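The values are calculated or read from the model by the stated rules, or taken from the named source; none is laboratory data. Predicted model, so just to flag it, every value in this text is computed and none were measured. Glycine also receives a Cβ, built like all others from the backbone with ideal geometry; neighbour counts cover every protein chain displayed.
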Amino acid sequence: MKQAIIIVVMFLCAYCLTAQVSVTGSVRDNKGRILAGASVTLKGTYDGGNSDSTGRFSFKTTEKGNYMLVAANIGYNTVEVSVLLAGEPVQVNFSLKEAFNELKAVVITAGSFVASDKKKATVLKPLDIATTAGAVADIAATLQTLPGAQRVGEQEGLFIRGGSAEEAKIMIDGAVVNNFFYSAVPGIAQRGRFSPFLFSGTVFSTGGYSAVYGQALSSVLSLESIDIPERSEVQVGLSPIFGSAGFQEVAKNKKSSYGFSYNWVNLSLYQKLVPQAPDYFKAPDLHTVDANFRFKTMGNGMLKLYAYFNTTGLGIRNPSLDSIGLKNAFSLNNKNFFTNISFRQSLGNGWKLNTVASISYNKDQIQNEVQNANNQTTPSTQIPVIDYNHYRLNNHQWMLQARAVAEKRFGAINAFRFGAEVWNNADSFRYSNQDGIFPAAVHDFYTAGFAETDLYITNDLAFRPGLRAEHSGLLNKWNLAPRAALSYKLGPYSQLTADYGIFRQTPDRRFLMNNTDFDFLTADHYILTYQHLSSGYTFRIQAFYKDYRSLLKTDDALRNATGTNGNGYAQGLELFWRDKKTFRGLDYWISYSYLDTKRNYNNYPITAMPTFAATHSGSVVIKKFWVKQMFGMNWSWNWSTGRPYYNPNLPATGFLSNRTIAYSSNNFSLNWLPKIGKANSVVVVGINNVFNELQIFGYNYSSRVKDGNGQLISTAVVPPAPRTFFLGLFLSWGVDRTQQQINSNL
Amino acid sequence: MKKLLLIVAMLVVGFTQAQSRYEGAMQKGLAQLSEAKTPADMLAVSAFFERVADAEKDKWLPYYYAARTNILAGWMDPKADKDKSAEKSKQLIAKAVALEPNQSDIFCLEQQVAVQQLTVDAMNRWQTYGAVAAEAIAKAKTADPANPRPYLLEGQYQLNVPEAFGGGKAVAKKLLEKSLTLFSSYKPASPFHPDWGKELAEKTLAACQ
């Protein structure tokens, strides 16, 4: 009986101890700011509560004795406090320290434009490149709607903040692409060779870039190719100007894929429909094949192989300015090959390895002839400036490169990166005219080593010092280039970044055929960026100063380098505003650049603003997509004030003092994604320069024919046609694994 | 003998008490779940389930409900930072998976989180997060072919996918009908096991007509 009583008492005791103790307090961060929604738990029990909007929490517990009270909030380090529960109310005030967190930390690379799906904070998305009106899916043309990039209508390339096209380097998976654009044609800017759909990530730095890259005084554009595609598919593209076909085969386990595509572009039909100002005696005709193989290795590594081959042929005839009635006939045959193999692998313990090797080859065969009114080759006129227009130029470029970068993560989100690269550039030229054949060759073996580290002092303050050492075999010289970036987070969406660096570049090899006793070209960058980036809005303002301490000088004929005592500067202010939120379904961005730049380089007789710079320029890009109808409309307006042009009628003091008229272009494109049969299709219609605005990129002058006032005559450099049109239909038949799943399960 | 009896009695008391404590907590949590009206209520339920789960250490169900309510709270609050909320959901799901590696309903949670993150920027995210969602559903179906919820979630998802991308009403309808067929013979393994979705499947199917 006694026993029974004890048991009953015990039973009761188990419940009689349920006298409740109240636990209250507050949760704040280490700066005293309220943390709402933090959880407070009596460890090992069910009891606890959440902090409210004032940071206070309170709960009651029936537990007795010593317990740990735990406060946790996502993004903060968890804190445990020991409490004694003995009937008295308990009060605890927590102070949580913010945990190092990549998503919340300040962005070191805020000075550059990033387009990526993977990173949370990006200004652009990869899809934007394909849907910007006027760009016709050309990567460089889309980047020209961002501040810092100048629009130069008569020449291809990235002209960044008063820098020439040679001052920008473009890479794919870390490997430099020597001939990113189609070969130059006088007076007509060429597109980039690569489709934006090859890439999942784009980093466009308009200055102050990392020590991991080099050999660019102004800018780097780094493109990262896609990994394994989502699904297997067959693609066909049809347009009055091109036809393409290709496939991607993705392995069932999604560990590997391969693909192949062929693309043929021929503008003869287009040029019949849309009259062109120059006389194309051979319409541009391009054949491109490319192939890829991608393979996921053990431990989430990735091996990617890409190969590209293209041939381009065209012939274009323009009236000669040197003699009335004669014409210059320019023809170009280009062959280009690019292949790269990249491999990245996590090695465990915070180590990561990134390697790439590439081979590129480019061959231009250029022939220029003076022709008469009947398009027949003229015999020698005995006038040298005319006869020298009979020439042939064969140009071969080989580039082999290899690069390895190792990264070690330490202490939450800090990183240390170091690596090395070698480039082997071999160029050969053969120029022939009435005076004979002039072969030349130049070879540069370039090596570089670099190291940088990302140091997060707090989540809000990060510092990235870097150093790069380079050696050029051609110059037989070394250089050192330090870089630094400091970023400070002002609020949840805004931050300040300061970038500094010394940037060096080997002078353009074509000027170094006869003499190589030169130094590297050098520019110093100072950049200050304020950025506000939330999911709906992006606002950026950048101020920069670029000091060209050393630029190349050449002889008057622009043939041989004479020194690296050229110099110049560029300074300016840039604004960018993007808004995806205010108007439902409408996305727009506005960019503006102010640029003040002058330089004395190449054969400039004085310091002047170069032809590839405009004082004010900007863009407005608008996109609207109707998801239900799968229909989108895009508009863009690009404008700039006039650019300098060379007028030989002026004395040397007036060099480049003339300005063209202001530039303006309004562009429209439409995309519609209907389902045609079993194919997912995209119909794209585009019109560039909708309002037929007059665009003048500069003037070409005669070297001998003068008008009645004794002035050399000129013609305006204008686009081949005032408007350009695009119409294309892209079809893809996808073997969608999700559809297979549905069907096999029903 | 007396001592032994006493020890046994104490153990029995302790055991039954612990058992009923867990069950009581689950009942209380599920009751709160059905009564939660605001995102804050839902987050409180989630925190409660998380505490139960952390204290129990070996039970996946409280983690399941903690994740589910966290996801629901994310949907209830249109202003919520869905990526941040998804981080929390994923942490909870990871703990549930560690205890129960091949649970169809946990895979369903993975799909729901992926869809939640997808909606932040559907235009740009559908390829990556859509693939994650599809993979989770495939795993859920394999883990338990009789579970109607993977079909319900997939149907719900496909209803919002434009026809041009292989979704639409017709596709969704087939999936929801399949889900309802499975619901008609579905029995949860215990009173605390997931038992939701039949009404939702009916409602969503009605929207497909």
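Take the residues in the stretch B:128-179 that are under 21 Å from B:GLU100 (Cα atoms) and acidic (Asp, Glu); name whichever of them is nearest to the other protein chains (Cβ to nearest Cβ).
Step by step, filter the stretch B:128-179, then rank; the result is B:GLU135.
Output the residue which, of all residues in the stretch A:365-412 that are surrounded by fewer than 13 Cβ atoms within 10 Å (Cβ to Cβ) and among the hydroxyl-bearing types (Ser, Thr, Tyr), is nearest to A:LEU326 (Cα to Cα).
Once the filter is applied, the top-ranked residue is A:THR377.
Pick from the stretch A:538-564 the residues that are buried (at least 19 other Cβ atoms within 10 Å of the Cβ) and of a type in the set (Phe, Trp, Tyr): which of them is farthest from the other protein chains (Cβ to nearest Cβ)?
A:TYR548
Could you tell me whether A:GLU156 is modelled with pLDDT of 90 or more and in contact with an Asp or Glu (Cβ under 8 Å, 6 or more places away or on another chain)?
In short, no.
Could you tell me whether any residue of the stretch B:85-104 is closer than 29 Å to A:ALA72 by Cα, away from every other protein chain (no Cβ under 12 Å), acidic (Asp, Glu) and in a helix (DSSP H, G or I)?
No, because not a single residue in the stretch B:85-104 is closer than 29 Å to A:ALA72 by Cα, away from every other protein chain (no Cβ under 12 Å), acidic (Asp, Glu) and in a helix (DSSP H, G or I).
Looking at the structure I just gave you, is A:PHE113 under 30 Å from A:VAL212 (Cα atoms), surrounded by fewer than 20 Cβ atoms within 10 Å (Cβ to Cβ), modelled with pLDDT of 70 or more and away from chain B (no Cβ under 13 Å)?
No: the conditions fail for A:PHE113.
Among the candidates A:SER257, A:SER268, A:SER331, A:SER261, which residue alone is touching a residue at least 40 places away in the same chain (Cβ under 8 Å) and either of a type in the set (Gly, Ala, Ser) or in contact with a Phe, Trp or Tyr (Cβ under 6 Å, 6 or more places away or on another chain) (or both)?
Going through A:SER257, A:SER268, A:SER331, A:SER261 in turn, the sole match is A:SER331.
Every residue, every condition in (1) under 22 Å from the mean Cα position of the chain (by Cα); (2) among the hydrophobic types (A, V, I, L, M, F, W, C); (3) closer than 30 Å to A:HIS443 by Cα, yes or no:
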site: A:ASN328; (1), (2), (3): no, no, no
site: A:PHE337; (1), (2), (3): yes, yes, yes
site: A:SER380; (1), (2), (3): no, no, no
site: A:TYR391; (1), (2), (3): no, no, yes
site: A:ALA406; (1), (2), (3): no, yes, yes
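Can you pull out every residue in the stretch A:29-59 that is part of a strand (DSSP E or B) and not hydrophobic (A, V, I, L, M, F, W, C)?
Within the stretch A:29-59, A:ASP29, A:SER39, A:THR41, A:GLY48, A:GLY49, A:ASN50, A:ARG56, A:SER58 meet the criteria.
Filter the stretch A:631-652 down to the residues that are away from chain B (no Cβ under 14 Å) and assigned to a strand (DSSP E or B) and list them by number.
Correct list: A:MET633, A:TRP635, A:SER636, A:TRP637, A:ASN638, A:TRP639, A:SER640, A:PRO644, A:TYR645.
Among the residues of the stretch A:35-50, are any more than 12 Å from chain B (Cβ to nearest Cβ) and among the charged types (D, E, K, R)? Write out each step before concluding.
The initial filter retains those residues of the stretch A:35-50 that are more than 12 Å from chain B (Cβ to nearest Cβ), namely A:35.
Still in the running and among the charged types (D, E, K, R): none.
Taking every residue of the stretch A:35-50 in turn, none turns out to be more than 12 Å from chain B (Cβ to nearest Cβ) and among the charged types (D, E, K, R).
Can you pull out every residue in the stretch B:31-64 that is outside any helix (DSSP H, G or I) and either closer than 19 Å to B:GLN103 by Cβ or at the interface with another protein chain (Cβ under 10 Å from one of its Cβ atoms) (or both)?
B:LYS57, B:ASP58, B:LYS59
Out of A:LYS623, A:LYS628, report the one residue that is within 14 Å of chain B (Cβ to nearest Cβ) and in a loop (DSSP other than H, G, I, E, B).
A:LYS628
Kindly list the number of the only condition in (1) under 26 Å from A:LEU528 (Cβ atoms); (2) surrounded by fewer than 21 Cβ atoms within 10 Å (Cβ to Cβ); (3) modelled with pLDDT of 75 or more that fails for A:LYS119.
Just one mismatch for A:LYS119, condition (3).
Just checking, does the stretch B:3-25 include any residue being touching an Asp or Glu at 6+ places or on another chain (Cβ under 9 Å), modelled with pLDDT of 90 or more and more than 9 Å from every other protein chain (Cβ to nearest Cβ)?
Within the stretch B:3-25, not a single residue is touching an Asp or Glu at 6+ places or on another chain (Cβ under 9 Å), modelled with pLDDT of 90 or more and more than 9 Å from every other protein chain (Cβ to nearest Cβ).
Where residues in the stretch A:460-487 are crowded, with 16+ Cβ neighbours inside 10 Å and in a loop (DSSP other than H, G, I, E, B), which of them is nearest to the chain's Cα centre (by Cα)?
In this case the residue turns out to be A:ASP460.
I'd like the full set of residues that are touching a helix residue (DSSP H, G or I) at 6+ places or on another chain (Cβ under 8 Å) and farther than 19 Å from A:SER358 by Cβ, limited to the stretch A:153-206.
Passing the criteria: A:GLN155, A:GLU156, A:GLY157, A:LEU158, A:PHE159, A:ILE160, A:ARG191, A:PRO196, A:PHE197, A:PHE204.
What number of residues within the stretch A:488-537 satisfy the criterion of being among the aromatic types (Phe, Trp, Tyr), touching a His at 6+ places or on another chain (Cβ under 8 Å), surrounded by fewer than 22 Cβ atoms within 10 Å (Cβ to Cβ) and part of a strand (DSSP E or B)?
Result for the stretch A:488-537: 1.
Restrict the check to the stretch A:524-541 and report whether at least one residue is touching a residue at least 24 places away in the same chain (Cβ under 8 Å), under 17 Å from A:ASN603 (Cα atoms) and of a type outside the set (S, T, N, Q).
Of the residues in the stretch A:524-541, the ones touching a residue at least 24 places away in the same chain (Cβ under 8 Å) are A:524-541.
Among the residues that remain, those that are also under 17 Å from A:ASN603 (Cα atoms) are: none.
Checked against the condition, which is being touching a residue at least 24 places away in the same chain (Cβ under 8 Å), under 17 Å from A:ASN603 (Cα atoms) and of a type outside the set (S, T, N, Q), the stretch A:524-541 yields no hits at all.
From (1) over 30 Å from B:ASN124 (Cβ atoms); (2) without any contact (Cβ under 8 Å) to a residue 40 or more places away in the chain; (3) buried (at least 17 other Cβ atoms within 10 Å of the Cβ), pick out the condition that doesn't hold for A:TYR588.
Among (1) over 30 Å from B:ASN124 (Cβ atoms); (2) without any contact (Cβ under 8 Å) to a residue 40 or more places away in the chain; (3) buried (at least 17 other Cβ atoms within 10 Å of the Cβ), the lone unmet condition for A:TYR588 is (1).
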